[in-house]
Amino acid sequence: MTFTKTIFAAATAVALIASSASADSWRAWNIHNDGHPNTGAMDKFAELIDAATGGEITLDVFHGGVLGSQPDALEQVRIGAIEVGNFNLGPIGPMVKEANLVSLPFIFKSVPHMFRVLEGEAGQTVAAAMGEAGVLPLAWFDAGARSFYSQKKIETPADVEGLKIRVMNNNLYTSMISAMGGNPSPMAFSEVQQALKTGVVDGAENNFPSFKNVGHYEVTTHYSLSEHLIIPECICVNTTKFNALSAEMQAAVRSAAEDAALFQRELWAVDSEKARVDVEAAGIKVNEIADKGPFQSAMDSVYADYLAANPDMKALVAMAQATE
Ligand code: BDP
């Protein structure tokens with residue numbers, strides 16, 4: 001070996017040791033499979049985090065919920081056993097009271113309204129409470145609006161009466177279904193297709209991309225646009241891990257998450273339209289509900305009971321409602 005080569009080899013070895021000593025490899029939980037916009041966005045986040053941190057943080061994204069159900073994965077990120085998750089705020093409600101703001105049916109007028117609330121003081125309160133609980137949101141994803149689907153066309157709350165409807169794990173959703181006279185059935189996302197197929201439940205509710213991606217459209221016939229829930233999702237990171245990073249690394253990770261979220265929103269806009277077209281082409285009858293008033297009024301008791309039990313949430317709810 002020549003002198004130069006020796007110096008070069010030694011320098012490379014030192015660089016490798018230095019980078020392996022400081023490099024952090026993180027794992028991320030994602031419930032969705034290929035073909036869902038969030039899967040593309042989480043892969044993008046992995047790419048961006050690598051680039052933004054100069055390879056000091058690498059992210060291995062596990063798709064398809066292979067690291068566990070959403071409630072389990074939330075707990076894992078909370079305690080730091082998994083570093084990152086693409087979580088829906090629905091299942092965070094039972095863990096972080098403030099996050100339940102977004103699970104009140106019809107709290108948001110539209111997706112843009114939801115983002116305005118999240119960007120304002122109410123959103124900061126929710127984010128701070130999540131961070132305190134160990135699941136720190138770095139950026140928000142669009143998850144559209146959730147609507148009912150079953151073998152029955154739903155046009156009024158009375159149509160939900162007597163139906164067994166799968167909901168995510170959150171008492172607000174069981175109250176929501178009960179208030180319409182339905183029978184709520186909380187269940188893991190991975191079990192819903194089979195439950196619909198075998199008649200264990202009569203229906204469920206979700207947005208178009210999720211309805212399509214896991215084949216729920218194959219075992220139902222009607223998708224009724226009640227749009228009763230507009231729930232954001234996050235790229236969330238274990239708070240302790242994030243706080244242990246240098247200020248510079250924190251900024252890099254945050255900006256990678258924000259860019260991945262902007263990418264997600266673009267994908268979402270295209271893919272949710274496409275998902276609707278695809279399920280209609282496969283035979284699903286989609287019905288608009290011109291007057292959502294009866295659904296909204298059916299939720300009066302849900303709000304009243306919730307605020308009576310959680311008076312400390314009144315200010316936050318009022319703040320969201322007052323947001324233009
Ligand atoms: C999807 C969400 C996912 C939820 C799922 C569900 O993206 O986080 O787990 O709905 O209904 O739209 O469980």
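Number of residues in the stretch 179-188 that are away from the ligand (no atom under 14 Å from the Cβ) and not in a loop (DSSP other than H, G, I, E, B): the value is 2. Within the stretch 33-64, being surrounded by 19 or more Cβ atoms within 10 Å (Cβ to Cβ), within 16 Å of the ligand (Cβ to nearest atom) and part of a loop (DSSP other than H, G, I, E, B) holds for HIS36, HIS63. Among the residues of the stretch 66-95, those that are away from the ligand (no atom under 12 Å from the Cβ), buried (at least 21 other Cβ atoms within 10 Å of the Cβ) and among the β-branched types (Val, Ile, Thr) comprise VAL77, ILE82, VAL84. Please enumerate the residues belonging to the stretch 189-219 that are buried (at least 18 other Cβ atoms within 10 Å of the Cβ), within 14 Å of the ligand (Cβ to nearest atom) and not in a helix (DSSP H, G or I). If the condition is that a residue be buried (at least 18 other Cβ atoms within 10 Å of the Cβ), within 14 Å of the ligand (Cβ to nearest atom) and not in a helix (DSSP H, G or I), then VAL201, GLY203, ALA204, GLU205, ASN206, ASN207, VAL214 are the ones that fit.
Scan the stretch 101-109 and give yes if some residue there is surrounded by fewer than 23 Cβ atoms within 10 Å (Cβ to Cβ) and of a type in the set (Gly, Ala, Ser), otherwise no. The answer is no, given that none of the residues of the stretch 101-109 is surrounded by fewer than 23 Cβ atoms within 10 Å (Cβ to Cβ) and of a type in the set (Gly, Ala, Ser).
The residues listed here are THR174, THR240; of these, the one that is β-branched (Val, Ile, Thr), within 30 Å of LYS152 (Cβ to Cβ) and assigned to a helix (DSSP H, G or I) is THR174. Residues of the stretch 289-311 include none that is in contact with a Phe, Trp or Tyr (Cβ under 8 Å, 6 or more places away or on another chain), buried (at least 16 other Cβ atoms within 10 Å of the Cβ), of a type outside the set (Phe, Trp, Tyr) and in a helix (DSSP H, G or I).
No lab work stands behind these numbers, since they all come straight from the coordinates. Just so it is clear, the model here is predicted, and its values are computed rather than measured. We place every Cβ from the backbone using ideal geometry, glycine too, and count neighbours over all the protein chains shown.
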